[in-house]
Each structure stands twice: as structure tokens, then as C-alpha cells.
Amino acid sequence: MDHNTKLKQVIDVLDQLAEDTSVPRNIRRGATAAKERLLQQNEALDVRAASAIFILDELANDPNIPLHGRTLIWNIISQLETVK
């Protein structure tokens with residue numbers, strides 16, 4: 001699977017997380033911020049992925065995030081780590 005396909009899948013999952021009303025608003029905002037970071041075409045893909053991972057890691061450590069949201073974020077981080 002090439003990087004663009006993986007990136008598209010990650011962005012789709014981030015969209016799902018951003019629209020999930022069962023997770024707190026700050027988590028949804030963070031998912032949107034990570035997505036916007038990944039879509040910035042003026043930087044190298046590995047830099048964008050590292051920035052998104054940093055944002056998502058902060059979200060995963062939030063004590064208010066529900067378990068399914070945390071699992072989703074961990075899965076996204078795992079996908080992004082293979083893009084680098």
C-alpha cells in the first residue's frame with residue numbers, strides 16, 4: 001500500500017473521529033487539527049506525519065477521552081508511524 005492510500009485512510013478515520021459526538025469537543029478539534037496538518041502540501045510527508053502524531057499523542061493522554069476514541073487514536077498513530 002502506498003503512502004497516499006494510507007494517508008487517505010488516516011484522514012477518513014480522523015474525519016470520523018471529528019464528527020463523533022460521543023467524544024469531547026477538544027478531542028474532535030484535535031482530530032481536525034491533525035487532519036489539517038496532514039493536508040499541508042508545502043511540507044515533507046514525514047514532517048506532517050510527525051506533527052500529526054504529536055497532536056494525536058496529546059489527545060490520547062487526555063483523561064476525558066472515551067476508550068473507543070483512545071483506541072482509534074492509537075490505531076491512527078500506528079498507521080502514521082509507517083508513513084515516515
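Sub-7 Å Cβ pairs linking a first residue in region 1-22 that is free of Cβ contacts under 8 Å to residues at least 60 places away in the same chain to a second residue that is surrounded by 11 or more Cβ atoms within 10 Å (Cβ to Cβ) and of a type in the set (A, V, I, L, M), at least 6 apart or interchain, are Ile11/Leu38; Leu17/Val23; Leu17/Ala31; Leu17/Leu72; Ala18/Ala31, ordered by first then second residue.
Screening Ala44 against (1) buried (at least 17 other Cβ atoms within 10 Å of the Cβ); (2) at pLDDT below 95; (3) of a type in the set (A, V, I, L, M) leaves a single unmet condition, (1). Taken together, the residues in region 48-67 that are exposed (fewer than 12 other Cβ atoms within 10 Å of the Cβ) and either touching a residue at least 24 places away in the same chain (Cβ under 8 Å) or under 14 Å from Lys6 (Cα atoms) (or both) amount to 1. The set of residues from region 1-31 being among the hydroxyl-bearing types (Ser, Thr, Tyr) and more than 15 Å from Ile65 (Cβ to Cβ) comprises just one member, Thr5.
The values are calculated or read from the model by the stated rules, or taken from the named source; none is laboratory data. For clarity, every value in this text was computed on a predicted model and none was experimentally measured. Here the Cβ is made from the backbone with ideal geometry for all residues, glycine too, and neighbour counts use every protein chain on show.
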